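What follows is a single structure, written as structure tokens, with notes after it.
The values are calculated or read from the model by the stated rules, or taken from the named source; none is laboratory data. Predicted model only: the values in this text are computed from it and were never measured. Cβ atoms come from the backbone with ideal geometry, glycine included; neighbour counts cover every protein chain shown. Side chains included, ligands, DNA and RNA excluded: accessible areas come from the protein's heavy atoms. Shrake-Rupley method; radii C 1.70, N 1.55, O 1.52, S 1.80 Å.
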Amino acid sequence: MTTVSPTAAAPEPLTCVVTKLGHLVERQMHRALTGHEVSAGQFTALTFVASHPGVNRADLARGLQITPPAAGGLTRQLVEKGLLARTTSQRGMPIAFTLTPAGEQTLHRATPTIEALTGVMFDSVRPDIAAMMDGGLRHLLSKLSQDPRLGRV
């Protein structure tokens, strides 16, 4: 029987590293947002709706890289909490979402907490490298979300 030493193992695929990083960040966001009564997913949805007022559920799902049923669950939760308002739809038109005043307040109060978490995440990285990582990750997300080879959510 042959054993493979840990140093001889192939490096972990980058997709696995990115997945683990995403889970770690989401857990830290949940922890940081505890006092704000929103989850990481809800905060992310509020942020997206704030920058895209009148967004419909399908576009929210695409923007957050989640499935339409997951976007439906998020919007339902946020409407029930009074953080999102939905427009009544005309026949054949999608329902659109906007922040309520309470949603704006929640986002305003929680954003510094998330920005502080971002600061902690980049504490061990030089500022110029942190800026490059920020730009690179945003660029990668934009390009991958438009790549037809990867399919739609």
(request) Report, by residue number, each residue of the range 89-99 that is more than 20 Å from the chain's Cα centre (by Cα) and either over 15 Å from LEU60 (Cβ atoms) or modelled with pLDDT of 85 or more (or both). (result) GLN90, ARG91, GLY92, MET93, ILE95
(request) Pick out the one residue from ARG149, ARG86 that is open to solvent by 100 Å² or more (accessible area, probe 1.4 Å) and at pLDDT below 85. (result) ARG149
(request) Tell me, please, whether a residue that is surrounded by fewer than 16 Cβ atoms within 10 Å (Cβ to Cβ) and either in a loop (DSSP other than H, G, I, E, B) or aromatic (Phe, Trp, Tyr) (or both) can be found in the range 14-36. (result) no
(message) Any residue that is hydrophobic (A, V, I, L, M, F, W, C), within 22 Å of LEU141 (Cα to Cα) and part of a helix (DSSP H, G or I) - is there at least one of those in the range 73-95?
(response) yes
(request) For the range 102-122, indicate whether the set of residues that are farther than 23 Å from ARG27 by Cα, in contact with a Pro (Cβ under 9 Å, 6 or more places away or on another chain), surrounded by 12 or more Cβ atoms within 10 Å (Cβ to Cβ) and at pLDDT 95 or above is non-empty. (result) no
(message) I need every pair where a residue in the range 38-55 that is within 17 Å of VAL25 (Cα to Cα) has its Cβ under 7 Å from the Cβ of a residue that is surrounded by fewer than 17 Cβ atoms within 10 Å (Cβ to Cβ), sequence separation at least 6 or different chains.
(response) SER39/HIS30; ALA40/GLU26; ALA40/HIS30; GLN42/GLN77
(message) Looking at the structure I just gave you, is ALA58 within 28 Å of GLY151 (Cβ to Cβ) and either modelled with pLDDT of 95 or more or assigned to a loop (DSSP other than H, G, I, E, B) (or both)?
(response) no
(request) Determine which member of the set PRO68, PRO94, PRO53 is surrounded by fewer than 16 Cβ atoms within 10 Å (Cβ to Cβ), in contact with a strand residue (DSSP E or B) (Cβ under 9 Å, 6 or more places away or on another chain) and within 24 Å of LEU144 (Cα to Cα). (result) PRO53
